[in-house]
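Heads up: the structure comes next, in structure tokens.
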Amino acid sequence: MQLYNSLTGRKEKFKPADAGRPTMYVCGPTVYNHPHIGNARPAVVFDVLFRLLERRYGDVVYVRNVTDIDDKIMAAAEAEGVATEVVAERYGAAYHADMAALNVLPPTVEPYATGYVPQMIAMIERLIARGHAYEAERHVLFHVPSFPAYGALSRHSREEMIEGARVEVAPYKRDAADFVLWKPSSAGQPGWDSRWGRGRPGWHIECSAMVEAHLGVTVDIHGGGLDLKFPHHENEIAQSVCAHEGAPLARLWLHNGFLDVEREKMSKSLGNVVLVRDLLREAPGEAIRYALLAAHYRKPLDWSEASLARAKHALDRLYLTLSELPGPNEPEPEAPMPQSLVAALEDDLNTPRAFAELFALARAANASTDDSERRELKGQLLAGGSLLGLLQQDPETWLKTTGKAEIDAAEVERLIELRAAARKSKDFEEADRIRDQLAAEGVILEDQPGRTRWRLAG
Ligand code: AMP
Ligand code: ZN
């Protein structure tokens with residue numbers, strides 16, 4: 001299996017330290033609001049990786065935390081006039097419900113940050129003892145110049161590093177890039193006693209302590225969204241490496257690309273934040289999952305109503321094929337996995353290629369007149385689907401209850417034009433991204449001199 005390591009900027013062969021027990025840590029949600037579709041992207045992407053690792057290695061330890069103490073949670077609690085626990089519990093439950101609707105499996109362990117404050121305090125004490133952190137005005141700060149390797153993951157300049165620590169400008173910082181490990185809580189705020197006074201942890205130390213508590217010093221894979229690379233992951237690395245005598249925090253760093261909505265960055269001020277719970281009123285969770293996986297995880301993903309409709313349409317066609325094939329509708333435990341689909345996923349989680357393989361299987365099944373072959377192909381479709389967390393419903397139920405989505409031909413034409421424009425300006429990566437995404441949604445492009453034609457796969 002090959003995975004792209006953000007730390008080295010290369011695809012690397014995945015080799016867990018213990019092939020009997022690969023470990024993966026993914027930074028989970030801060031629970032102060034309903035998850036939006038961007039929050040769902042890492043959950044779904046790393047769920048596919050979890051399934052893939054389980055298939056190959058059996059026993060995988062996948063830890064995805066919940067950040068249940070944070071200034072944003074405190075602000076939400078204050079706005080609503082309730083305790084922080086109430087906010088965290090409500091939105092933690094909302095996160096679980098929404099992710100379950102997207103067929104995201106629960107991770108092996110789901111630690112809540114508030115359960116690990118003593119471990120965080122112990123790690124901070126170790127960092128102080130080793131000269132990597134200092135106390136100042138009831139805060140404890142990590143001293144960035146004490147760790148010369150700081151910045152290796154994001155390759156940021158000193159100016160960008162200071163900008164990253166900007167939220168915590170304070171006169172007591174020894175260096176402008178220093179970041180908070182511990183901060184004081186006022187009387188009304190949640191806090192824990194420590195020898196620096198009553199306070200609470202900074203966000204970054206939470207993950208370092210939870211990784212250590214569950215997975216030890218070095219994990220095989222550490223993941224999260226691209227926005228976490230800096231400063232969050234850079235800071236996690238600094239804390240953990242300095243607390244562990246230089247041992248690396250992770251062998252492999254994986255980051256999913258960002259999701260935009262109708263080609264705009266999602267933001268509260270633009271009023272274009274799309275919540276998963278609202279989408280679930282419009283479309284089956286499986287279609288939302290499909291649309292999230294239709295782009296390669298490292299590429300940007302442009303979320304739109306049309307991309308969701310195409311995902312729904314692609315599933316309609318796959319379920320229609322399944323409904324017409326003989327044999328059970330559940331994958332049989334020893335059904336053979338379609339090897340080309342596994343190969344696509346083991347090549348840095350190439351989900352668009354994996355989807356194209358599903359359509360190739362469907363096409364072969366539709367074309368076949370041999371019942372035993374049709375049965376066998378159905379088994380492969382179901383087995384491949386299970387690896388992606390798709391196609392596990394009764395086809396008849398899907399076809400009856402979800403309503404047929406129409407493919408929006410005008411929208412496909414528009415994307416073909418966007419791709420032509422990208423090619424003209426030699427942005428071949430963007431052109432390929434559009435082609436792959438359409439292919440994953442079951443739309444095949446055929447370039448001809450001067451024009452591009454399209455047809456439906458399967
Ligand atoms: P948060 O709860 O804000 O810490 O985010 C939880 C996860 O969602 C993190 O891994 C973020 O990187 C990821 N995330 C947030 N917004 C987006 C987005 N628009 N696209 C992709 N991933 C995102
Ligand atoms: Zn983290």
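The values are calculated or read from the model by the stated rules, or taken from the named source; none is laboratory data. The shown structure was predicted, so the numbers you read here are calculated from the model rather than taken from an experiment. Cβ coordinates were reconstructed from backbone atoms using ideal geometry, including for glycine residues, and neighbour counts include every protein chain displayed. Please note that ligands, DNA and RNA were not included when accessible areas were found on the heavy atoms of the full protein model with its side chains. Shrake-Rupley method; radii C 1.70, N 1.55, O 1.52, S 1.80 Å.
Some points to look at:
- Check on Leu456, open to solvent by less than 70 Å² (accessible area, probe 1.4 Å), at pLDDT 90 or above and under 27 Å from Arg317 (Cα atoms): no
- For Glu135, the conditions (1) without any contact (Cβ under 8 Å) to a residue 24 or more places away in the chain; (2) part of a strand (DSSP E or B) all hold with the exception of (1).
- Subset of the range 69-83 [open to solvent by 20 Å² or more (accessible area, probe 1.4 Å) and under 20 Å from Glu110 (Cβ atoms)]: Asp70, Lys72
- Qualifying residues in the range 202-217 (those that are open to solvent by less than 10 Å² (accessible area, probe 1.4 Å) and of a type outside the set (A, V, I, L, M, F, W, C)) - the one nearest to Ala113 (Cα to Cα): Glu206
- Selected residue (only one of Pro338, Pro331 is within 30 Å of Asn256 (Cα to Cα) and modelled with pLDDT under 95): Pro331
- From Trp182, Trp192, residue being at pLDDT 95 or above, open to solvent by less than 10 Å² (accessible area, probe 1.4 Å) and of a type in the set (A, V, I, L, M, F, W, C): Trp182
- Look at (1) in a loop (DSSP other than H, G, I, E, B); (2) under 18 Å from Glu286 (Cα atoms); (3) among the polar types (S, T, N, Q) and you find that Thr369 fails only one, number (2).
- Any hit, the range 316-326, residues being open to solvent by 50 Å² or more (accessible area, probe 1.4 Å) and either under 21 Å from the mean Cα position of the chain (by Cα) or of a type in the set (Lys, Arg) (or both): no
- Once the range 57-84 is narrowed to residues that are in contact (Cβ under 8 Å) with a residue 60 or more places away in the chain and either of a type outside the set (A, V, I, L, M) or in a helix (DSSP H, G or I) (or both), the residue that is nearest to ligand 1 (Cβ to nearest atom) is Thr67.
- Restricting attention to the range 181-211, the residues that are under 30 Å from Arg298 (Cα atoms) and within 16 Å of ligand 1 (Cβ to nearest atom) total 9.
- Unique match (being touching a residue at least 40 places away in the same chain (Cβ under 8 Å) and either within 16 Å of ligand 2 (Cβ to nearest atom) or farther than 21 Å from Leu49 by Cβ (or both)) among Pro331, Pro336, Pro300: Pro336
- Count of residues meeting criterion [surrounded by 18 or more Cβ atoms within 10 Å (Cβ to Cβ) and among the acidic types (Asp, Glu)] in the range 84-115: 1
- Among all positions in the range 237-248, there is no residue which is open to solvent by less than 10 Å² (accessible area, probe 1.4 Å), more than 10 Å from ligand 2 (Cβ to nearest atom) and over 17 Å from Glu125 (Cα atoms).
- Close pairs (7 angstrom Cβ cut-off, 6 or more residues apart or separate chains): on the phi > 0 side of the Ramachandran plot and within 16 Å of ligand 2 (Cβ to nearest atom) in the range 259-271, modelled with pLDDT under 90 and open to solvent by 50 Å² or more (accessible area, probe 1.4 Å) anywhere: none
- Of all the residues in the range 251-266, those that are open to solvent by 10 Å² or more (accessible area, probe 1.4 Å) and among the aromatic types (Phe, Trp, Tyr) number 1.
- For the range 212-246, the set of residues classified as away from ligand 1 (no atom under 15 Å from the Cβ) and either under 26 Å from Glu54 (Cα atoms) or of a type in the set (Ser, Thr, Tyr) (or both) consists of Glu212, Ala213, His214, Leu215, Gly216, Val217, Thr218, Val219, Asp220, Ser240, listed by residue number.
- Of the set (1) surrounded by 21 or more Cβ atoms within 10 Å (Cβ to Cβ); (2) among the polar types (S, T, N, Q); (3) away from ligand 2 (no atom under 16 Å from the Cβ), all apply to Asn33 but (1).
- Yes/no for Leu345 being of a type in the set (A, V, I, L, M), closer than 12 Å to Leu391 by Cβ and touching a residue at least 60 places away in the same chain (Cβ under 8 Å): no
- Residue check, Leu127 away from ligand 2 (no atom under 16 Å from the Cβ), modelled with pLDDT of 95 or more and open to solvent by less than 10 Å² (accessible area, probe 1.4 Å): yes
- Restricting attention to the range 168-191, the residues being hydrophobic (A, V, I, L, M, F, W, C) and part of a loop (DSSP other than H, G, I, E, B) number 5.
- Some residue of the range 351-365 being closer than 29 Å to Glu12 by Cα, open to solvent by 10 Å² or more (accessible area, probe 1.4 Å), in contact with a Ser or Thr (Cβ under 6 Å, 6 or more places away or on another chain) and in contact (Cβ under 8 Å) with a residue 12 or more places away in the chain: yes
- When His232 is tested against (1) surrounded by fewer than 21 Cβ atoms within 10 Å (Cβ to Cβ); (2) closer than 21 Å to Ile124 by Cα; (3) away from ligand 2 (no atom under 13 Å from the Cβ), only condition (3) is not met.
- Being part of a helix (DSSP H, G or I), within 11 Å of ligand 1 (Cβ to nearest atom) and touching a residue at least 40 places away in the same chain (Cβ under 8 Å) is true of Gly38.
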